[in-house]
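The block underneath contains the structure these notes are about, expressed in structure tokens.
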Amino acid sequence: MPRLAQLCGVFLVSAAGLLFQFAQTRLFSATLGYHLSFLVVSGALLGVAIGATAAATVDRARQPITTSWLAVGAAMSILAALVIETQLDPLVVGVFATSAAAYVLGVPPVLLASWIIVRSLRQAPAVSGTIYAFDLAGAATGGVVGYLAIGALGDQALYGVASAFCLVAATTFLTSSASRIGWRRLSAVAAAAGLVVLLTLWGEVLAPPRPGPLKSTGYDLAEGMTRDIARWDPLARVEVMRFGSLGDPVHYAFLIDKSVPTESRPPSLAMELDMGALTPIIATTSASDLAVLDASILGAPYELASRQSVLVIGPGGGIDVMTALRHGAQSVTAVEVNRAVVELMRGRYASYSGGTYADPRVHLVEDEARSFVRRSADHYDLVVMTVVDSFAALSSGAYALTESYLYTEQAMADYLEHLAPGGTLAVGRWYRDPPVEIVRTFNIAVAGLRALGNSNPAGHIAVMRHGNFGLLLIGDRVYGAADVQRLREFATAHGFELAFDPLHPGGPFISSVDEAPATDDRPFFFDTVPLSAVLSGQASLPFGYGILGSALLLALALGIGLAIVPLYAQARRAGGRAVPPGTLTSIAIGFGFIATELVLLQRLTLYLGQPSLALAVGIAALLGGAACGSAASSRVRGGARLPALLSALGLLVTLALLPLVTDATLAAPLAVRVAVALIAAVLVGLPLGSVFPNVVAEVGGIDTKLVSWVWAVNGTASVVGAVVATAVALGIGFSGLGAAAVLCYGLAALSTADLRRFRFRRAVLAKLPTLAP
């Protein structure tokens, strides 16, 4: 049985591994895009697989590297990843080179942590459940620490915390004299604390993130733009930038009548989310400063709707709130999910923006808009939602892999159901040529209207255009001649264009109205290019698809080449056959667990409303439940078959019942919903966590060399599974992915029968000499 100190070391390196992934994902999302962050997960899982190979091959040396030095190496590799990732300029070396570097740099810390864990399992396979439990509990803790600490410390400091965990873990594996251990532990703890303090205070100076080409907003610091402030939170990195001392109106010029003189436009600051999505903060000293908004395309819906109550989804820097107040709204409810944005607008930039968020008519809610709307019983004369996404990234197809629950058929139905009689929903999106994105928005609006029983959905929609910006106006009624006339007069007065007239429908909007819209089950709104069009040569491959395909090939090549091939001959000899025992079971578990994780997080995101909270709660509870299941795995008789069957059955029941439970508790306080989410994730994790330790114990009973083999196979399956699961969700939705996860655990249960037969035959053969006369 490993010492408690060693088990704590396993806990710490596992916590460091997941915290490192969290920090790397946040940095990657800010510099290159959230849509590529799955590469971080894939690289980390590759490290898990290769760690098993290292434990089986390098540890055969006469003097293998000590576990303490492996932990120190993990600490140093985490810091190296931070330094290199923030020194590489994607605008110079390119996105693919930067992505590849981040992928490779994400491997060593997890590889070394995996090496430590597999070494512990090989040394004591009989208590694999206990070791695996500490591993999973550590990973759960790392995810929670990342969520709770990033706002206070910053992302760079999280690298320091992860490195500090590894340094402290190194002291738990020391085996020298007590006096030397005490000195080394003191030194390690001091170094760990120093790292965290250093990166908390000077992380932005020592390791500032660099935006990639898809994040560029067209304004460069070298061209006279300065950064006021930068903050991190679990959702995004928030920066406020300015030209000159007061700012510049250029940041909201795309929304304003071009004939309005520049000197009549108040200056503004640029608030950027994850270095690409821009929301302006307009300088306001008096009500007259906002007169420029009379000539804004955002004023169009006020030509149609009553001005009593307005709901603003994602107010950001406040321009939609200012527009509502300028047009006489009596009550404005603004729902903002990003805590850092709210703090800045209520604090540092309250005076600059004229106290917009402090206006007595404005009711600010910190919540995710979709979740808020689903729980709200209120109705509004106008619901407003304006684009903040990067135009460059959207134009490239980079966001094809990104899910969004704000732009689905069910979301549109939710918004429309909360309109007061005569109300209007205004959705602003980029209007490109060809108008793929705005047409897709039109399609989900049509689908939402049809879901509510409207037989003439096109008659409820008008589209206004100004340059690259389009505004869909969706009414709870069919628009009449008087409505269209008011819109035409407004458009003519300000140089805008009525791109879709509900009285004379036609063009690209009507011709594509029967295309499948984004749904809650397949929420890939930005996946605007059908795969069939790519295969037929009618459209080029979107950037996101290219990355996905490249990641799959890379995962297969590296996983097989660096994890599977080096161990195969050894595992074949140990198992005595071409397909070593435990192989099929480990593959099924690897695919099944990563698919389960993705589906569970998707369901919880819709339920809790806050993606970062859903991630923290879901990962922590799933891994925590798995840790408990792992700790109890040694008490399960019959090997891995029963846990695998229970996993398949439990997952099937959860996927069927969870929507009923979440719908029934949707209006409950957040604390209650978090509790429901925790219970659901723990219940799913319990049987899942007991499957693999039983596989390890069974193959360890045959030959300890097979422990490294099944760990490497499982890790490689997870690497490939992370990419394949994304493709499956894109193709058939998350329900289909959930069904695939159930099938994987069912296959795992079937494959364990082969493992039991193998052990039986091995036992019989071992007894044959004693039976001879």
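The values are calculated or read from the model by the stated rules, or taken from the named source; none is laboratory data. The shown structure was predicted, so the numbers you read here are calculated from the model rather than taken from an experiment. Positions of Cβ are generated from backbone atoms using ideal geometry, with glycine treated the same way; all protein chains shown enter the neighbour counts. Quick note on the areas: whole protein, heavy atoms, side chains included, nothing else; ligands and nucleic acids left out. Shrake-Rupley method; radii C 1.70, N 1.55, O 1.52, S 1.80 Å.
Scan region 743-765 for residues that are at pLDDT below 55 and either of a type in the set (Ser, Thr, Tyr) or more than 19 Å from residue 696 (Cα to Cα) (or both) and jot them down. Listed by number, the residues that qualify are 764, 765. Residue check: residue 541 meets all listed conditions (1) outside any loop (DSSP other than H, G, I, E, B); (2) modelled with pLDDT under 70; (3) open to solvent by 70 Å² or more (accessible area, probe 1.4 Å) but one, namely (1).
Taken over region 343-369, the criterion of being closer than 22 Å to residue 239 by Cα, of a type outside the set (Ser, Thr, Tyr) and surrounded by fewer than 19 Cβ atoms within 10 Å (Cβ to Cβ) is satisfied by 343, 346, 347, 348, 350, 355, 358, 365, 366, 367. Return only the number of the condition from (1) among the aliphatic types (A, V, I, L, M); (2) assigned to a loop (DSSP other than H, G, I, E, B); (3) surrounded by 22 or more Cβ atoms within 10 Å (Cβ to Cβ) that residue 332 does not satisfy. Result: residue 332 passes all but (2).
Within the set 462, 447, 491, the sole residue that is closer than 22 Å to residue 292 by Cβ and open to solvent by less than 20 Å² (accessible area, probe 1.4 Å) turns out to be 491. Within region 640-665, the residues that satisfy the criterion of being touching a residue at least 60 places away in the same chain (Cβ under 8 Å) and open to solvent by less than 20 Å² (accessible area, probe 1.4 Å) are 640, 644, 647, 648, 651. With respect to residue 320, determine if the residue is surrounded by 22 or more Cβ atoms within 10 Å (Cβ to Cβ), under 20 Å from residue 383 (Cα atoms) and among the acidic types (Asp, Glu). For residue 320, the condition - surrounded by 22 or more Cβ atoms within 10 Å (Cβ to Cβ), under 20 Å from residue 383 (Cα atoms) and among the acidic types (Asp, Glu) - is met. Residues that are of a type outside the set (A, V, I, L, M, F, W, C) and out of contact with any Gly (no Cβ under 9 Å at 6 or more places or on another chain) within region 542-585 comprise 549, 550, 561, 566, 568, 570, 572, 573, 576, 577, 580, 585, listed in sequence order.
Restricting 721, 685 to residues that are among the small types (Gly, Ala, Ser), farther than 23 Å from residue 607 by Cβ and touching a residue at least 40 places away in the same chain (Cβ under 8 Å) narrows the list to 721.
Can you find, within region 191-227, the residue that is modelled with the lowest pLDDT among those that are part of a strand (DSSP E or B) and of a type outside the set (Lys, Arg)? Reasoning before the result, please.
The initial filter retains those residues of region 191-227 that are part of a strand (DSSP E or B), namely 225-227.
Now narrow it down to the ones that are of a type outside the set (Lys, Arg): 225-226.
On the way: 225: 79, 226: 85.
Among those that are part of a strand (DSSP E or B) and of a type outside the set (Lys, Arg), it is 225.
The single condition among (1) surrounded by fewer than 17 Cβ atoms within 10 Å (Cβ to Cβ); (2) in a loop (DSSP other than H, G, I, E, B) that residue 479 does not satisfy is (1). Quick one: is residue 679 among the β-branched types (Val, Ile, Thr), open to solvent by 30 Å² or more (accessible area, probe 1.4 Å) and more than 24 Å from residue 140 (Cβ to Cβ)? So residue 679 fails the test.
So that you can scan it fast, the table gives a plain yes or no per residue for (1) over 17 Å from residue 651 (Cβ atoms); (2) in contact (Cβ under 8 Å) with a residue 60 or more places away in the chain; (3) surrounded by 22 or more Cβ atoms within 10 Å (Cβ to Cβ); (4) among the small types (Gly, Ala, Ser):
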position: 596; (1), (2), (3), (4): no, yes, yes, no
position: 599; (1), (2), (3), (4): no, yes, yes, no
position: 613; (1), (2), (3), (4): yes, yes, no, no
position: 617; (1), (2), (3), (4): yes, yes, yes, no
position: 620; (1), (2), (3), (4): yes, yes, yes, yes
position: 628; (1), (2), (3), (4): no, yes, no, no
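Quick check on region 398-443: of everything there that is surrounded by fewer than 23 Cβ atoms within 10 Å (Cβ to Cβ) and of a type in the set (Val, Ile, Thr), which residue is farthest from residue 498 (Cα to Cα)? The qualifying residue farthest from residue 498 (Cα to Cα) is 402. Quick one: count up the residues across region 686-708 that are open to solvent by 10 Å² or more (accessible area, probe 1.4 Å) and closer than 15 Å to residue 57 by Cβ. Residues flagged as open to solvent by 10 Å² or more (accessible area, probe 1.4 Å) and closer than 15 Å to residue 57 by Cβ within region 686-708 amount to 2. Checking 722, 740 one by one, the residue that is under 25 Å from residue 564 (Cβ atoms), at pLDDT 90 or above, open to solvent by less than 40 Å² (accessible area, probe 1.4 Å) and of a type outside the set (Asp, Glu) is 740 and no other. Looking only at region 1-52, count how many residues are modelled with pLDDT of 85 or more, of a type in the set (S, T, N, Q) and crowded, with 24+ Cβ neighbours inside 10 Å. Residues flagged as modelled with pLDDT of 85 or more, of a type in the set (S, T, N, Q) and crowded, with 24+ Cβ neighbours inside 10 Å within region 1-52 amount to 3. Among strands (runs of 3 or more DSSP E) entirely within region 228-322, having at least 3 residues that are more than 23 Å from residue 418 (Cβ to Cβ) singles out 237-243, 268-273, 277-282. Contact annotation: residue pairs with Cβ atoms under 7 Å, 6 or more positions apart or on different chains, pairing a residue in region 420-440 that is part of a loop (DSSP other than H, G, I, E, B) with a partner that is surrounded by fewer than 20 Cβ atoms within 10 Å (Cβ to Cβ) and modelled with pLDDT of 85 or more, are 431/465; 431/468; 432/468.
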